[in-house]
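To keep things clear, I will list the structure first and then write my remarks on it.
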Amino acid sequence: MNKILIDSHILLWIFENPEKLKPSDIQILKSSETNVFISIASLWELYIRASQGKLELPNNFFEEIEQNLISILSIRKKHLTTLLDLPHFHKDPFDRLIISQAIADNIPIITHNQIFSEYPVHLL
């Protein structure tokens, strides 16, 4: 079973704008061989934006995540220690933590954020 980590905007596109996803992204996401993860940091970021009125999330957001068989990746000690050594190509703390999780757990990321390519992480 393959694991992938999806960036925040990919999660939103799955629910609201699937036409923005690349065909290769859709194939990976729909494969029965793929375990899809979203970082708790991504959810934290989305809920902060929603609380600021910058984003609207459905009331059943967590149920939608579960129905789409997306698992939540918690933050562990090794993710934080990896973060300490991460170069500062990017200032966004949520993205930096997601990148650290992917590196520490050796999980590829699906993102359309080009700055991620500056880091030693596998991008899909």
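No lab work stands behind these numbers, since they all come straight from the coordinates. Remember, predicted model here, so these are calculated numbers, not experimental data. With ideal geometry, Cβ positions are generated from the backbone for all residues, glycine too; neighbour counts draw on all protein chains shown.
Residues that are crowded, with 19+ Cβ neighbours inside 10 Å, in a helix (DSSP H, G or I) and polar (S, T, N, Q) within the range 92-124 comprise S100, Q101, listed in sequence order.
Filtering L80, L12 for residues that are more than 19 Å from E118 (Cβ to Cβ) and under 13 Å from the mean Cα position of the chain (by Cα) leaves a single hit, L12. Of all residues in the range 98-114, none satisfies being over 23 Å from N35 (Cα atoms) and touching a residue at least 24 places away in the same chain (Cβ under 8 Å). Scanning the range 56-69 for residues being among the hydrophobic types (A, V, I, L, M, F, W, C), touching a residue at least 24 places away in the same chain (Cβ under 8 Å) and at negative phi gives a total of 1. In the range 36-91, the residue that is surrounded by the most Cβ atoms within 10 Å (Cβ to Cβ) out of those that are small (G, A, S) and part of a helix (DSSP H, G or I) is S42.
Within the range 16-25, being assigned to a helix (DSSP H, G or I) and either under 11 Å from the mean Cα position of the chain (by Cα) or surrounded by 14 or more Cβ atoms within 10 Å (Cβ to Cβ) (or both) holds for one residue alone: D25.
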